[in-house]
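Working notes for the structure below.
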Amino acid sequence: MSVKRNVPLLLFIVSAFLAGIFFTTLGSALLTGQETTAVSHARGFLTGNGTTALNNANAASAAALEDAFTQVAESVNPAVVQIRSEKKVAQGSAFGENPLEGTPFEDMMPNRPNSNNNGSDFFLSEGLGSGVIASETGYIITNNHVISNSDQLEVRLHDGRFYDASIVGTDPLSDLAVIKIEAENLPYISYGQMDEVQVGQWVMAFGSPLSQDLGNTATLGIVSATERTSDQISSLNVFSSFIQTDATIYPGNSGGPLVDINGRLIGINSAIFTKSGNFQGIGFAIPVDVVENVATQLVEQGIVKRGFLGVNFAPVSETLSEVLNVPRGAAQITAVTSGSAADQADLRQGDIILQVDNRPLLEYNQLRTIIANKRPAEQVDMRVVRNGEEFDKVVILGERDNAIDARDELPPRVNDRRGDNNRELLESLGLSRIETLNEDFLEELGLEDVDIQGVIIIEISPNGTAYRDAKLQRGDVVIEVADEPIVDKEDFMRAFDSLNTGETALVRVLRPQGGQFVSFLTALEKP
């Protein structure tokens, strides 16, 4: 074969080879480009800028708020402790005695058999709660119900160290206690001022909810209300009103601090309001002024001394409020203890207390909480109404005997052994049945030595005006209607028959309480 004939063939082969490389490269580039574009689109779907990110100004504001919360948590957490308690209880019960029985946290006490009892007949009842370090030398504030009846206390610090703790003092009536660990140079809580606490302000609650593994949990909320008290709430804490908060409080948070946005203590987490046993958005904390007063006295003298006024008192009914033009939150004096501070200041049965130290009473139980958190010999100024006249009283408080039961006793139930009383008037008032007071009824009330006359309420309808507006109860004894003495049932009927429809009469009532009768005024409108 000649060279001339082979050259064109060689050129063709080379050209075909180069063309193949070119098209292969081009195709690869095209395919790679498509793949790159597809991946880019996928990544854009997952990590694109989106539309929800805040702009620079708003992002800075949000970051500042977030930073405030994280700074509070970082500052407060080292002062928050977990408290573990143990108590030996007899095996006669599956669970033994529960030291939290009667508190909102009575279900937080699991029990386990003593694993090393060697035939011993007891269980170890274990409890969990929280506390806050109040001094660098190891004093810790918590709830009384966290450590009550414990045989052994162990405290876990935020840094993981464990200490045995001893009880310095307890005050069951305010549900506060102080314990101590042997440690030095500890971080401790700063105190806020109760008069600076406002509804709506940010707060954080700290503690160990539900489990030992959840120590130093922080929750966030606002102050929902202050100075919360009522007949029901008083059963939880006799001598303290509450701060209400929606910051989550669970069993185990009890005894931990509630702090403001500056990291200052404003309350000790104490209770929850619940219909299910779980947190439902309403928690209660003991206010810092009560905490400081009680804790200081427990450390200094081991007991709490409280001011004592020396009165029994009751709420002002709706109708009495209208007739006398006094607030519904006022407290009506029903009895005065002879020789007490109230007696020496000439406070009298029937007086209505409107204010204490320029603080209007929003709920009559506040009279108890305000007075109880003052010291003996302290002076208080009161605004009082007597016979329609307003005046001021200065009272020098006495000292409360801690043996006195501060809880108002419920009126006793009176057994009905009488016939029906279906008078139309009584039914319209909601007084389903009344009877002339006699020796049998007095004996049932435990007051057989008392010489009084009147009519006793046997049955009362919760839907009637006597119960709803006048706040009368079963067992109450009516002794006057419109300043006229009531001796028997017929007197009562005549007194109301003489009224015009819609007319209101003042009614004086005796209520069995603590083995005696206390007197108060209310008002009833004739339907």
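Throughout, read-outs are computed from the coordinates displayed, never taken from laboratory work. Note that the structure is a prediction, hence the values are computed from the model and not measured. Cβ placement follows ideal geometry from the backbone for every residue including glycine, while neighbour counts extend to all protein chains displayed.
Cα convex hull of segment 307-399: how many Å³ per residue?
Enclosed volume per residue, from the Cα hull, is 77 Å³.
What is the gain in length, in nm to one decimal, between residue 161 and residue 195 on full extension, counting 0.36 nm per residue of separation less the C-alpha to C-alpha distance?
Full extension of this stretch gives 8.7 nm more.
Can you figure out the FRET efficiency of residue 220 with residue 149, using R₀ = 35 Å and their beta-carbon distance, to the nearest 0.05?
Given R0 = 35 Å and the Cβ-Cβ separation, E is 0.55.
Taking other Cβ within 10 Å of each residue's Cβ, how do 296, 334, 501 sort, fewest first?
Fewest-to-most Cβ neighbours within 10 Å comes out as 501, 296, 334.
With θ set to phi - 60° and the Karplus curve 6.51 cos²θ - 1.76 cosθ + 1.60, what are the ³J(HN,Hα) couplings of segment 358-372 in order, to the nearest whole Hz, using x for Gly and Pro?
6, 9, x, 6, 8, 8, 4, 5, 4, 4, 5, 5, 5, 5, 5
Taking the Cα centre of segment 445-492 as origin and charging only Cβ (+1 Lys, Arg; -1 Asp, Glu), how large is the dipole, in debye to the nearest 20?
Here the size comes out at about 420 debye.
Can you work out the PRE-style zone for residue 64? Point 7 Å along Cα to Cβ, and I want the residues of segment 167-208 with backbone N under 13 Å.
none
Specify which residue in the list 437, 502, 512 is farthest towards the positive end of the charge dipole of segment 424-525, using unit charges on the beta carbon of Lys, Arg (+1) and Asp, Glu (-1), about the Cα centre.
My answer, from the dipole projection, is 502.
What length, rounded to one decimal in nm, is gained on full extension from residue 461 through to residue 86, with 0.36 nm per residue of separation minus their alpha-carbon distance?
130.2 nm
Under the rule of at least 5 residues apart or a separate chain, name every residue whose amide H is placed under 5 Å from the amide H of residue 523.
Residues meeting the criterion, in which the H sits 1.01 Å from N, are 319, 320, 507.
When only alpha-carbon atoms count, how far does segment 467-514 stretch along each of its three principal axes, as whole angstroms with the largest first?
Sorted from largest, the Cα extents of segment 467-514 read 36, 24, 16 Å.
Which residues' amide hydrogens lie under 5 Å from the amide hydrogen of residue 81, considering only partners 5 or more residues apart or on another chain, with H built in the peptide plane?
131, 132, 133
With r defined as the distance between the Cβ atoms of residue 389 and residue 452 and R0 fixed at 25 Å, what FRET efficiency is calculated, to the nearest 0.05?
Between residue 389 and residue 452 the formula returns 0.35.
Send over the per residue convex hull volume for segment 424-525, Cα only, as a whole number of Å³.
89
Taking H as built 1.01 Å from N, whose amide H comes closer than 5 Å to the amide H of residue 271, not counting residues under 5 places away?
For residue 271, whose amide H was placed from the backbone, the distant partners under 5 Å are 284.
List 452, 181 from most exposed to least, where exposure is judged by having the fewest other Cβ atoms within 10 Å.
So the residues, fewest neighbours to most, are 452, 181.
Considering only Cα-Cα distances, which of the following residue pairs are longer than 28 Å: 180/374; 87/374; 305/393; 305/471; 87/180?
In this structure, 87/374; 305/471 lie more than 28 Å apart at Cα.
Among 65, 362, 173, what is the fewest-to-most ranking by other Cβ atoms within 10 Å?
65, 362, 173
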